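Have a look at the structure below before the remarks.
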Amino acid sequence: PMFAYLSPLGTAGSAVNALMIGTVCIVLLLGMWKLETERRQRFRDAFELRVQVATQREEMLRQNRWLDEVHSRLEAFGIVDEPAKLYQRPEHAGSSQLLDGPEDTHSAYKCPLTVPDLHTFQLRTPSASSTAIPSVESFSYGGTKGPNDLLYRTLVGKTCDPKRLRKMALHLGDPEYSLSMFFEDACTTFPELELFTVVQNLATSSGLSGEVEYQRTIGALFAVYWLARLEIDGKEGFCYGCDRDWLSHTAAPAGEAKTLRTKRRAFHHDMKWVYFEKVFKDAIEDKVERLEAMLCLTAFHDIMKMPPLCPEVLDETGLTSIINDHDLALAYVLEFYPELLPSYMILPKASQELILFSQGKLHFNH
């Protein structure tokens, strides 16, 4: 109607009419351009989202294929499946009883380890030594000595003999240094092993008992022993375990299930042992101090799985909190209260820094 009203005005009206029509056209074009821009942006976002989803799906498939391949290889080597049987004892006098304790899913990817009966590994109290750790009486937290009173009371005054530790490290490759001698030295050298039975009938953070965690730690020490002597009896011990006389089995115990014996034989025969040897030697670098640090860390790396030993700290609000993660709890003690761990205190500064980095910074837990 406005256009009809302006049209009789002649030339002036025609100019105004044309101007208004042009303005309307520009507004319409701008609106159409905005709509088209938004539509294209939505299309690009949708396309990028589809690409991202497809990439993630492909990455998941790739990881699954990789995990399937690793699983199949490990299964061929006899490392996976039937995790409860990893606690299988050797067949002696018709006994094939399993160690007590709930199934631990973390054991599924560990080499089957056969060890002497449970009573053989009863806790030994470390003997006195002339090399005592510094007194920790100067540390006080909430009325206790250090961040945990039980940890303090259990280890205060206990010692770790550096000469015996050096002997262990130097003799690992000696054919005359038997597994029983290594076990005796370990029980005498590392007072932290006592922490696993400081509270009886207590489930650890892994769900296993402290006694089973103690045996797992002994098994880890045995693994270091066998890896250091692969050319002697390490391969057989690592795959088949040992008998009551502490001698490495040369074959899978006859009383075991056929599938487990087959897996042990496959692991022993097919494993690229040169890789094991290379990793071990690269970690040690022909330095006895490195091997000492490895033995010490192996002895105390799981002590904080005992909930009563976890340190108490003050948070930013001033309230008391307990560090329940066993790796973080150990890293906290290593960094702020190292005097509480005798086996850590006797190590050189460089070895202490290496352990603290692997536990507190790298969070290495294998």
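The values are calculated or read from the model by the stated rules, or taken from the named source; none is laboratory data. The shown structure was predicted, so the numbers you read here are calculated from the model rather than taken from an experiment. A quick note on method: Cβ atoms are made from the backbone with ideal geometry, for glycine too, and the neighbour counts reach across all protein chains shown. For the accessible areas, the whole protein counts, side chains as well, though only heavy atoms, and no ligand, DNA or RNA atoms are used. Shrake-Rupley method; radii C 1.70, N 1.55, O 1.52, S 1.80 Å.
Please work out which residue is surrounded by the most Cβ atoms within 10 Å (Cβ to Cβ), limiting yourself to region 166-195 and to residues that are hydroxyl-bearing (Ser, Thr, Tyr) and touching a helix residue (DSSP H, G or I) at 6+ places or on another chain (Cβ under 6 Å). Show your work before the answer.
Taking region 166-195 as the starting set, the residues that turn out to be hydroxyl-bearing (Ser, Thr, Tyr) are 177-178, 180, 188-189.
Next, only the ones that are touching a helix residue (DSSP H, G or I) at 6+ places or on another chain (Cβ under 6 Å) stay: 177, 189.
Numbers: Tyr177: 19, Thr189: 27.
Out of the qualifying residues, it is Thr189.
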Checklist entry - Does region 196-204 contain any residue that is open to solvent by less than 10 Å² (accessible area, probe 1.4 Å) and outside any loop (DSSP other than H, G, I, E, B)? => result yes
Checklist entry - Would region 318-326 turn up any residue that is touching a residue at least 24 places away in the same chain (Cβ under 8 Å), buried (at least 19 other Cβ atoms within 10 Å of the Cβ) and assigned to a helix (DSSP H, G or I)? => result yes
Checklist entry - Between a first residue in region 270-290 that is within 30 Å of Pro162 (Cβ to Cβ) and part of a helix (DSSP H, G or I) and a second residue that is among the aliphatic types (A, V, I, L, M) and modelled with pLDDT under 90, which pairs have beta carbons less than 7 Å apart while being 6 or more apart in sequence or on different chains? => result Arg290/Ala283; Arg290/Ile284
Item to check | Scope region 268-284; condition surrounded by 12 or more Cβ atoms within 10 Å (Cβ to Cβ) and within 29 Å of Ser351 (Cα to Cα); matching residues | outcome: Trp273, Phe276, Glu277, Phe280, Lys281, Ala283, Ile284
Checklist entry - Residues of region 175-195 being touching a residue at least 24 places away in the same chain (Cβ under 8 Å) and within 13 Å of Ala228 (Cβ to Cβ), which ones? => result Pro175, Leu179, Phe182
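Out of Leu151, Leu193, Leu170, I need the residue that is more than 27 Å from Tyr337 (Cα to Cα) and out of contact with any strand residue (DSSP E or B) (no Cβ under 8 Å at 6 or more places or on another chain). Which one? Full working, then the answer.
Working: Leu151 fails: more than 27 Å from Tyr337 (Cα to Cα); Leu193 fails: more than 27 Å from Tyr337 (Cα to Cα).
The unique qualifying residue is Leu170.
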Checklist entry - Leu314 fails exactly one of the following numbered conditions: (1) under 22 Å from the mean Cα position of the chain (by Cα); (2) over 30 Å from Glu231 (Cβ atoms); (3) without any contact (Cβ under 8 Å) to a residue 60 or more places away in the chain. What is the number of that condition? => result (1)
Item to check | Residue ID - surrounded by the fewest Cβ atoms within 10 Å (Cβ to Cβ), chosen from residues in region 297-317 that are more than 16 Å from Phe196 (Cβ to Cβ) and touching a helix residue (DSSP H, G or I) at 6+ places or on another chain (Cβ under 8 Å) | outcome: Val313
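Could we say that Arg265 is open to solvent by less than 80 Å² (accessible area, probe 1.4 Å) and in a helix (DSSP H, G or I) here? So that I can check it myself, show each step before the final result.
On the way: open to solvent by less than 80 Å² (accessible area, probe 1.4 Å): no; in a helix (DSSP H, G or I): yes.
Judged against the criteria, Arg265 is not a match.
Evaluate region 238-252: report whether one residue or more is part of a helix (DSSP H, G or I), without any contact (Cβ under 8 Å) to a residue 60 or more places away in the chain, farther than 27 Å from Ile355 by Cα and open to solvent by 40 Å² or more (accessible area, probe 1.4 Å). So that I can check it myself, show each step before the final result.
The initial filter retains those residues of region 238-252 that are part of a helix (DSSP H, G or I), namely 238-240.
Right, trim to without any contact (Cβ under 8 Å) to a residue 60 or more places away in the chain and you get none.
Within region 238-252, not a single residue is part of a helix (DSSP H, G or I), without any contact (Cβ under 8 Å) to a residue 60 or more places away in the chain, farther than 27 Å from Ile355 by Cα and open to solvent by 40 Å² or more (accessible area, probe 1.4 Å).
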